[in-house]
Amino acid sequence: MRRQLLAALLAFLCFTLLTGLAYPLVITGVAQIAFPNRADGLLLKRDGRTVGSRLIGQAFAAPRYFHPRPSAAGDGYDAMSSSASNLGPTNEELLSEVRRRTEAYRRANDRTGAVPGDAVTASGSGLDPHISLANARDQAPRVAKARGMAVDDVLDLVDEHTEGRSLGFLGEPGVNVLELNLALDERA
């Protein structure tokens, strides 16, 4: 029994070093060499300061900014608590929250009728940095008014920051909210 215990302990230590230390270090090194910007999280910098990541959504609430999707991650956009709400489509708590968000979206954007689904529902991670093109276009008049800009100028920025479908055929076109808001600040 002692020999088996020693062999098991030795195997445990070897595999821990191999899969817990050596493998992550090698993969990180390869990623840093092959894709240095991506390996660091596609960080966006302004004036030498990191303002966020192209991959992680942030909360923007001021009328002068485009608003992201709602977040279910922790207290909102908490990358340490990335997750969905796990509430099903018939859950009354979720339905009530979607109704509340819908009314808030309509008030904020002076809209009636249907609202884009991504404006009132959180993504699976709670950190999605993109909104739909329809959502961005709905928010453009509010942003233009708050900034004293022409709506067409804001819509031009939306079009400039619209990304196509992944691999050309997956998903829908989207707008990265952080990049669009940074472009608005630069334009001001």
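Filter the stretch 32-65 for residues that are part of a strand (DSSP E or B) and open to solvent by 60 Å² or more (accessible area, probe 1.4 Å); which is nearest to A79 (Cα to Cα)?
If we take residues in the stretch 32-65 being part of a strand (DSSP E or B) and open to solvent by 60 Å² or more (accessible area, probe 1.4 Å), then L43 is nearest to A79 (Cα to Cα).
Of the residues D153, D118, D159, D110, which single one is closer than 28 Å to G74 by Cβ, of a type in the set (D, E) and out of contact with any Leu (no Cβ under 7 Å at 6 or more places or on another chain)?
On the way: D153 fails: closer than 28 Å to G74 by Cβ; D159 fails: closer than 28 Å to G74 by Cβ; D110 fails: closer than 28 Å to G74 by Cβ.
D118 is the lone residue from the list that is closer than 28 Å to G74 by Cβ, of a type in the set (D, E) and out of contact with any Leu (no Cβ under 7 Å at 6 or more places or on another chain).
So, in the stretch 125-163, of the ones that are touching a residue at least 40 places away in the same chain (Cβ under 8 Å) and in a loop (DSSP other than H, G, I, E, B), which residue ends up least open to solvent (accessible area, probe 1.4 Å)?
The extreme case among them is G126.
Looking at the stretch 45-56, is at least one residue of a type in the set (A, V, I, L, M) and closer than 14 Å to H130 by Cα? Please lay out each step first, then the result.
As a first pass, look at the stretch 45-56 and keep what is of a type in the set (A, V, I, L, M): 51, 55-56.
The next check asks that each one be closer than 14 Å to H130 by Cα; those that pass are 55-56.
Scanning the stretch 45-56, I find at least one residue that is of a type in the set (A, V, I, L, M) and closer than 14 Å to H130 by Cα, so the answer is yes.
When residues of the stretch 104-121 are filtered for being farther than 20 Å from A146 by Cβ and acidic (D, E), how many remain?
Here the count works out to 1.
Across the stretch 86-112, which residue is farthest from N176 (Cα to Cα) among those that are assigned to a loop (DSSP other than H, G, I, E, B) and open to solvent by 60 Å² or more (accessible area, probe 1.4 Å)?
T90
Going by the conditions given, is G29 open to solvent by less than 80 Å² (accessible area, probe 1.4 Å) and under 17 Å from the mean Cα position of the chain (by Cα)? First the steps, then the outcome.
On the way: open to solvent by less than 80 Å² (accessible area, probe 1.4 Å): yes; under 17 Å from the mean Cα position of the chain (by Cα): no.
Criteria not met by G29.
Do we have any residue at all in the stretch 66-76 that's part of a helix (DSSP H, G or I), open to solvent by less than 60 Å² (accessible area, probe 1.4 Å) and polar (S, T, N, Q)? Outline the logic, then answer.
Narrowing the stretch 66-76 to residues part of a helix (DSSP H, G or I): none.
No, the conditions are met nowhere in the stretch 66-76.
The values are calculated or read from the model by the stated rules, or taken from the named source; none is laboratory data. From a predicted model like this one, the values you see are computed outputs, not experimental measurements. Reconstructed Cβ throughout: ideal geometry from the backbone, glycine too, with neighbour counts over all protein chains shown. SASA here: full protein model, heavy atoms, side chains in, ligands and nucleic acids out. Shrake-Rupley method; radii C 1.70, N 1.55, O 1.52, S 1.80 Å.
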